[in-house]
1. Search region 108-151 for residues being without any contact (Cβ under 8 Å) to a residue 24 or more places away in the chain and within 12 Å of the ligand (Cβ to nearest atom), and hand back the single one that is farthest from ILE211 (Cα to Cα).
2. Which of the following residues is touching a strand residue (DSSP E or B) at 6+ places or on another chain (Cβ under 8 Å) and either in a helix (DSSP H, G or I) or in contact (Cβ under 8 Å) with a residue 60 or more places away in the chain (or both): ALA188, ALA240, ALA203?
3. Suppose the filter is in a helix (DSSP H, G or I) and touching a Lys or Arg at 6+ places or on another chain (Cβ under 9 Å); does CYS38 pass it?
4. List every residue pair whose Cβ atoms sit under 9 Å apart, with the two residues 6 or more apart in sequence or on different chains, where the first one lies in region 68-92 and is without any contact (Cβ under 8 Å) to a residue 12 or more places away in the chain and the second, anywhere, is loosely packed, with under 13 Cβ neighbours inside 10 Å.
5. Suppose we filter ASP3, ASP64 for residues that are within 11 Å of the ligand (Cβ to nearest atom) and not polar (S, T, N, Q); which single one remains?
6. In region 158-192, what count of residues is obtained for those that are over 17 Å from the mean Cα position of the chain (by Cα), open to solvent by 30 Å² or more (accessible area, probe 1.4 Å) and not acidic (Asp, Glu)?
Amino acid sequence: MSDLVRLEVEDGIGTVRLDRPPMNALNAEIQHGLVAACREAAERSDVAAVVVYGGEKVFAAGADIKEMETMSYTDMVDHSGLLQDFTRALARLPKPTVAAVTGYALGGGCEVALACDWRVAAEDARLGQPEILLGIIPGAGGTQRLARLVGPARAKDLVLSGRFVDAREALAIGLVDRVVPAAEVYTASRELVSRYVGGPSYAVRAAKEAIDRGLEVDLETGLEIERQLFAGLFATRDRATGMRHFVEKGKGPAPFEGS
Ligand code: CAA
């Protein structure tokens with residue numbers, strides 16, 4: 001894994017820590033590092049949920065413009081798959097994920113946050129997709145995930161203008177889920193996902209997958225995805241534990257084992 005991205009695990013929560021001061025600009029090394037960190041977080045049984053965090057000052061100010069400046073069309077044809085891979089790795093992580101957004105989350109940084117299940121923002125956070133001001137468009141999933149999250153009109157407002165939104169507006173349009181004082185962003189993000197530690201992890205995984213895959217297809221196909229995943233959970237021990245606990249002792253929490 002790259003030094004610029006670390007997976008730090010504590011109390012069942014994995015923190016994917018972006019660490020490339022001053023702005024956590026996402027160069028190719030950090031993009032590869034994100035893919036690796038997500039893979040490790042997905043595989044480790046001691047990680048129940050993930051916080052993506054860029055430190056106290058900034059989440060990430062986007063793809064590294066200095067690295068991209070000299071790239072040709074064919075360079076970008078070769079590289080653009082990776083741009084989508086690092087956000088896809090995060091979006092497909094089969095565990096709950098939250099972006100702890102301090103300072104700026106711009107361009108690829110905003111796209112990293114969009115690939116998480118939830119976003120907690122500092123009161124002074126600023127988010128946006130300013131690629132248009134560079135003569136390009138978002139390339140790490142922003143046009144698709146932002147439109148799905150906040151609707152096409154609001155997504156077009158942000159992507160076509162490149163303007164930044166503050167935390168209050170981000171909350172109002174559903175771009176972030178919680179706004180807290182800057183010093184509390186990381187702790188609040190951990191708190192938001194800590195309920196999944198010690199939970200029925202295969203059911204949590206199935207619930208996330210049913211919602212995410214279902215939103216990509218028509219209703220009937222989505223319902224079929226739900227049906228298959230629902231029935232599949234009857235092969236887990238946690239399903240048996242959860243139902244036995246209810247029948248014998250009333251409502252939970254049941255002593256799930258994550259198996
Ligand atoms: N890439 C490379 N370097 C960056 C960067 C980026 N995305 N963002 C900031 N930096 C660098 C600056 O060049 C500067 O470096 P030097 O000290 O060597 O000059 C340093 O970080 C500090 O930045 P500023 O001096 O600009 O700090 P500021 O506080 O005045 O402004 C900012 C902060 C608003 C984040 C501003 O730097 C900015 O607008 N950054 C670019 C944001 C952007 O356009 N992001 C989209 C990138 S394209 C993309 O992400 C494509 C995609 O979809 C994948």
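1. Let us first name the residues in region 108-151 that are without any contact (Cβ under 8 Å) to a residue 24 or more places away in the chain, namely 135-137, 143-144, 147, 151.
Among the residues that remain, those that are also within 12 Å of the ligand (Cβ to nearest atom) are: 135-137, 143-144.
Details: GLY135: 34, ILE136: 31, ILE137: 27, THR143: 20, GLN144: 16 Å.
If we take residues in region 108-151 being without any contact (Cβ under 8 Å) to a residue 24 or more places away in the chain and within 12 Å of the ligand (Cβ to nearest atom), then GLY135 is farthest from ILE211 (Cα to Cα).
2. ALA188
3. Numbers: in a helix (DSSP H, G or I): yes; touching a Lys or Arg at 6+ places or on another chain (Cβ under 9 Å): yes.
Yes.
4. Every condition considered, the pairs that remain are MET68/ASP75.
5. Criteria check complete, one pass: ASP64.
6. 9
So that you can scan it fast, the table gives a plain yes or no per residue for (1) in the same structural domain as GLY242 (by TED's automatic domain parsing); (2) in contact with a Phe, Trp or Tyr (Cβ under 8 Å, 6 or more places away or on another chain); (3) farther than 19 Å from VAL52 by Cβ:
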{"site": "THR143", "(1), (2), (3)": "no, no, yes"}
{"site": "LEU149", "(1), (2), (3)": "no, no, no"}
{"site": "ALA155", "(1), (2), (3)": "no, no, yes"}
{"site": "ALA182", "(1), (2), (3)": "no, no, no"}
{"site": "ALA207", "(1), (2), (3)": "yes, no, yes"}
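The values are calculated or read from the model by the stated rules, or taken from the named source; none is laboratory data. Note that the structure is predicted; figures quoted are calculated from it, not measured. Don't worry about glycine lacking a Cβ; one is built from the backbone with ideal geometry, like all the others, and counts go over all protein chains shown. We work out accessible area using only protein heavy atoms, side chains counted, and drop any ligands, DNA or RNA first. Shrake-Rupley method; radii C 1.70, N 1.55, O 1.52, S 1.80 Å.
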